[in-house]
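Working notes, beginning with the structure itself.
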Amino acid sequence: MLQLKKLADDHVRNTSWAKRWMCIALAVMLLSALIASAIQTNGYKTQVYSFKIPTSNGKYISCNMYRPYGSTADNPVPLVIACAGSYANKEQMGMVFTELPRRGIAVITFDTYMHGLSSGGTEPYSQFAWTDAGMIALVEYAYNNLDFIQKDKISIIGHSLGSRIVSNTLAHYGLAYENAIKDAMLPDSEDGKNITEGEQAYADSLNKVYAAFCLGVVPSEISFGTGKEGDTWNKGSASSKEFPTRAYANVAVCNGRYDEFYRGLYRDSDGNIFPLTENPYMLSLVSSATDSEYDALEFNTYYGDISNRSLRVIFNPNTFHTFVRYSGDSAAYMAEFFSKVYSMEFSISPTNQVWFLKEIVTFIGFIGLLLFIVPCASLLLHIPFFASIQEPLPAKLPAVKGKTANLLFWGGLLIIPIASYLLLSPANSLANTLWPTQAAQNTLTWTFPQKMTNFIFIWATLCGIVALALFLVAWRYNKRNGVQFDHLGIRVSVKNFFKSVLLALCVLGAIVIIAVAVNYFFTLDFRFLTLGFKSFKPIHLLYAAFYSILFFFYYTISSIMTNSLLRVDGQPEWLNLLLAGLSNVGGLLVAQIAMVVIMSSSLNNPFSKITLNLMTTYHLVILLFVVPYVNRYLYKLTGKVWLGAAFNCFFIVLMSVASNMLHVPAGV
């Protein structure tokens, strides 16, 4: 029969060990913040700070400013305003705000409405996607208030939805320009049908966007749907809305060749594939500005004239939709484009880039954040109030021997990823069925306001049910072999259960304090690409609490699987946890890899119905792999599965909620 180990048998309960690793974790995070800040500020030659701008109907946008030192009213610099896409935030535009200020260009990044630290919206996503989402307000703010920028050199950048916002911003200013020109040609204007210099100057003053760089844009959106003869496409907005005949700005399109939404190529009605340069909308984008007709264009070739804002260029890096904003080629094209349109001779070559180094450094900080978890919990357990949570650590389950034991152990490790892979599409369909309004995103709502979090909840719950079934089958076998229920670390008093939950919240609170401090002093967060623990609003805490209740079942089963089923004798700890991590993340990882591999090899995406779901869960690959490690070490601290389950649930749900689109009304 299995026995319980004494408390002192595991080093993680030792105060000296906890203090040592606490100091290591804090040192890693501090060094990461200092080095990342030095990179982000170009050796502290760029001023970085956050601010908010009130817009309309109680809305506001959250912004970060990156101002090169030396830019003043007497020495103004160009400005680029950038925003990310759906289910993303301003911190994910590191390629832009790291590289351009190094080259003497000021940058403002902002969260669109319902994203990040900006307010909720006044229009649901189905309509909001066709508005400026705050970009026009920011252009006007910069034009009227910032004396260190060149007012005639304000440009805009967007990725995915951000590029749609760029398109709508160009439409706004283009329409204002065209209407002014039409008014100038009226018979009762200053010189009748002849446009005077004053009238031209006035029209030019209304067009406040000098250039645009679009990443992952829908081709028809940037050409305003004029690419096909007889096309009645109207951008999904009210049919009464007007659009200009073209974009009155220098425009670059940078779409990944392997874009999973097929934005990096052209498919005709018969399904034939052609290069993006033969896309009718790309031809229209160029011909409408240059008054020249083209049957095909060339990549990386500039068309038009900078002086009248008709410059056009198309880039097609070998990358994917999400990663086109995390691409060295994209960064080089961006630097080249702005060097040309601003007539600036950069001393730094386009390929001289540091943005990815910053991502690595902040990821090391994120690792420091993970290293902080266990020693923090260990030290808190020495507080008398929490001391009762610690119980003797159960011995490992018997070694895997015999046909049945091997079948249960290895079969379980394989069934979990297979099931999680197969359940992705059904989970998406079920989530859309349960919450049709949220799935359509045509109504702002206070209930289940995050479409992708709803999907992840259904998927996680289904995976949890499969895992629970596996555990119950294995438990029946283990019970017959002398394993008692008390040896599983599951039985707990109500009092200690809630103490475990409170302890998990205390550890999370300490992490939040660190994240807030890092953001306050350095204006950055610990992240890697789409993964990041970022600042959040009070409303995010409210919904994190709500969704945590829903996700608690999954993270409980995950902790039980790690500690009450897979923790077996005769297997090295490192191998046991590696197997648990790979099993936990395997199904999702395989789907994501399959999508990009098949897309890059065949230019066909077999996951078209869940493409966005897979894109918005890239961050979960790392988190779900780490979950068993956190579960195991917190289990060693308490002898129970509950602290790991509670902490992983609160930590990951808060990260996901804060990074996702919150489809709620303005006012929060």
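The values are calculated or read from the model by the stated rules, or taken from the named source; none is laboratory data. Everything numeric here is computed off the predicted structure, so don't read it as measured data. Counting neighbours? That spans all protein chains shown, and the Cβs are built from the backbone with ideal geometry, glycine included. The area values use the complete protein model at the heavy-atom level, side chains included, leaving out ligands, DNA and RNA. Shrake-Rupley method; radii C 1.70, N 1.55, O 1.52, S 1.80 Å.
May I ask you to give the solvent-accessible area per residue for the chain, in square angstrom, as obtained with a 1.4 angstrom probe?
Roughly 39 Å² per residue, with all protein chains present.
Return the whole-Å distance between the Cα centroid of the range 14-63 and the Cα centroid of the range 492-547.
If you average the Cα positions of each part, the centres end up 15 Å apart.
For the chain, what % of the accessible area comes from carbon and sulfur atoms, probe 1.4 Å?
60 percent
Check the straight Cα-Cα distances from K636 and name the lysines below 23 Å, setting aside those fewer than 8 residues away within the same chain.
Hits, sequence-local ones excluded: K5, K6, K19, K396, K479, K495, K499.
Can you spot the lysines whose alpha carbon is less than 25 Å from K153's alpha carbon? Ignore those fewer than 8 places along the same chain.
Reachable lysines: K45, K52, K90, K182, K208, K340.
Considering the options G639, S160, L215, tell which one lies farthest towards the positive end of the dipole of the chain, charges being +1 on Lys and Arg and -1 on Asp and Glu at the Cβ, about the Cα centre.
Selected residue: G639.
Tabulate in residue order the Karplus-calculated ³J(HN,Hα) for the range 560-571, using 6.51 cos²θ - 1.76 cosθ + 1.60 with θ = phi - 60°, rounded to whole Hz; enter x for Gly and Pro.
Per residue, the Karplus-derived 3J(HN,Hα) values read 5, 4, 5, 9, 10, 10, 8, 7, 10, 6, x, 10 Hz.
Taking the highest mean first, how do the peptides 391-401, 248-258 order by number of other beta carbon atoms within 10 angstrom per residue?
Those peptides, ordered most packed to least, come out 248-258, 391-401.
May I ask you to evaluate 6.51 cos²θ - 1.76 cosθ + 1.60, the Karplus curve with θ = phi - 60°, for each residue of the range 575-583 and list the ³J(HN,Hα) values in order in whole Hz, giving x for glycine and proline?
6, 4, 6, 4, 5, 5, x, 5, 5
Work out how much length E197 to S493 would gain on full extension: take 0.36 nm times their residue separation and subtract the Cα-Cα distance, in nm to one decimal.
Extending this stretch completely gives an extra 98.3 nm.
From the backbone phi of the range 297-303, what are the Karplus-calculated ³J(HN,Hα) couplings (6.51 cos²θ - 1.76 cosθ + 1.60, θ = phi - 60°) in whole Hz, Gly and Pro given as x?
So the J values, rounded to whole Hz, are 10, 10, 5, 6, 10, 8, 10.
Could you tell me the calculated FRET efficiency between D188 and I549, based on Cβ-Cβ distance and R0 = 56 angstrom, to the nearest 0.05?
0.25
Counting only helical runs of four or more DSSP H residues, what would the 222 nm mean residue ellipticity of the chain come to if each run contributes -39,500 (n - 2.57) and the total is spread over all its residues?
About -17000 deg cm²/dmol.
List the relative contact order of the chain as a percent without decimals, with contacts defined as Cα pairs under 8 Å and 6+ residues apart.
Worked out over the chain, it gives 18 percent.
Run the paramagnetic zone check for K609: 7 angstrom along Cα to Cβ, then residues of the range 422-442 with backbone nitrogen under 11 Å.
Output list for this probe position: 424-430.
Suppose every K and R has +1 on its Cβ and every D and E has -1 on its Cβ; what is the size of the dipole of the chain about the Cα centre, in Debye to the nearest 20?
3980 debye
Please report, in Å, the Rg and the Dmax of the range 595-657, where both are computed over Cα atoms only.
16.6, 51
For Q47, list long-range residues whose amide hydrogen, built 1.01 Å from N in the peptide plane, is under 5 Å from its own amide hydrogen.
For Q47, whose amide H was placed from the backbone, the distant partners under 5 Å are R67, Y69.
Need one word for the range 39-190: rounded, prolate or oblate. Basis is the Cα gyration tensor (sqrt eigenvalues a ≥ b ≥ c); a/c below 1.5 gives rounded, then a/b vs b/c decides.
Cα axes put the range 39-190 in the oblate bin.
Could you tell me how far the Cα centroid of the range 573-644 sits from the Cα centroid of the range 88-130, in Å?
28 Å
Give me D for the range 517-668 in µm² s⁻¹, whole number, from Stokes-Einstein with Rh from the Kirkwood sum over alpha-carbon pairs, 10 °C and 1.306 mPa s.
Diffusion coefficient, whole number: 92 µm²/s.
With only alpha-carbon pairs counted, each pair once and no self-pairs, how large is the Kirkwood hydrodynamic radius of the range 1-100 in angstroms?
Over the range 1-100, the inverse of the mean reciprocal pair distance is 18.1 Å.
At q = 0.20, 0.22 Å⁻¹, what is the log10 ratio I(q)/I(0) for the range 551-598, with the Debye formula run over Cα points and no solvent?
Calculated log10 I(q)/I(0) at the listed q: -0.75, -0.82.
Set the Förster radius R0 to 60 Å, insert the Cβ-Cβ distance between A469 and E293 as r into 1/(1 + (r/R0)^6), and round the FRET efficiency to 0.05.
0.40
Evaluate E = 1/(1 + (r/R0)^6) for R20 and A399, where r is the Cβ-Cβ distance and R0 equals 25 Å; express this FRET efficiency to the nearest 0.05.
In this case the efficiency is close to 0.20.
So what are the range 380-519's ellipsoid semi-axes, whole angstrom, largest first, if each one is the square root of 5 times an eigenvalue of the alpha-carbon gyration tensor?
Its equivalent ellipsoid spans semi-axes of 34, 29, 13 Å.
Let me know the whole percent of all Cα-Cα pairs from the chain that are separated by more than 48 Å.
So the pairs more than 48 Å apart make up 21 percent of the total in the chain.
Could you list which residues have their amide H under 5 Å from that of G121, counting only those 5 or more apart in sequence or on another chain, with H placed in the peptide plane?
Those qualifying (amide H under 5 Å, at least 5 residues apart or on another chain) are M114, V664, A666.
Name the long-range amide H neighbours of I157: under 5 Å, sequence gap of 5 or more, or other chain; modelled H, no Pro or chain starts.
Those lying under 5 Å, H to H, from I157 are I81, A82, C83, F213.
Can you give me the relative contact order of the range 594-668 as a percent, contacts being Cα pairs under 8 Å and 6 or more apart?
The value is 15 percent.
Restricting to Cα pairs below 8 Å that are 6+ residues apart, what does the relative contact order work out to for the range 480-564? Please round to a whole percent.
30 percent
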